[in-house]
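Worksheet: one structure, shown below.
Quick note: the coordinates plus some simple rules give every number you see, no bench work behind them. All values reported here derive from a predicted model rather than from experimental measurement. Methodologically, a virtual Cβ is constructed for each residue, glycine included, from the backbone with ideal geometry; neighbour enumeration extends over all protein chains shown.
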Amino acid sequence: MARHHNRRSIRLKGYDYTQPGAYFITICTRERAHLFGHVVDGLLELSPYGAIVREEWFKTAIVRPYVRLYDDEFVVMPNHVHGIIWIVGDAVGTTDVVTLGRGAAALRPCNHDDHGMTSDAATNVAPRSLGAIIRGFKSAVTKRINIARQSPGGVVWQRNYYERIIRNDRALHAIRRYIAQNPRRWHWDRYNPDRMELDYPDHAQMRPQNRVRHPVR
């Protein structure tokens, strides 16, 4: 008999995910399938499907003017992606927000980091919210990959994604470093089924009790 897991959101209760801010996102493929490429000597060689993922990620900022994405804040891995999504509000009058966010003063200081696992299967996703942005990205990638591999209705992604609200510049710089180093650390990556040991990424800077546990599949 198939086991059915209760999928629930552990987003920060009451948090408005449409408001301007920086969000660290991880999205995995279904059953952690290696669709997007291979890591060779610490460098990722993208597959055609991985190239689609990268194209659609940055296309998001074109079709959604309230989103900013940067090349040094995104990485495609064999079975997952890491990226930072900046929600900056309306396209007009947001230049200062983006500039400061890339510098030292835009992120609000905080004594903790809000993070969790969210299901994007809910039907009540608010327009222009983080959930809506990710749903659109995943849908566009799935459509293109299914056309390429001639598999109508095929599933590319797992239903959940992992999120973290970036509250301060220390966390921002650590996450950027983690993203840049991700291919070189593939042998220790928690998403690698052949990892040498579990890698708790330094970007999180979490206390042990605050680590996010991934769902048992």
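Some observations on this one:
- Alpha-carbon centroid distance for the pair region 40-75 / region 118-190, whole angstrom: 11 Å
- Taking other residues whose beta carbon is less than 13 angstrom from the beta carbon of Lys143, and scoring Lys, Arg as +1 and Asp, Glu as -1, yields +3.
- Protection proxy ranking of 57-65, 26-34 - average other beta-carbon atoms within 10 Å, highest first: 26-34, 57-65
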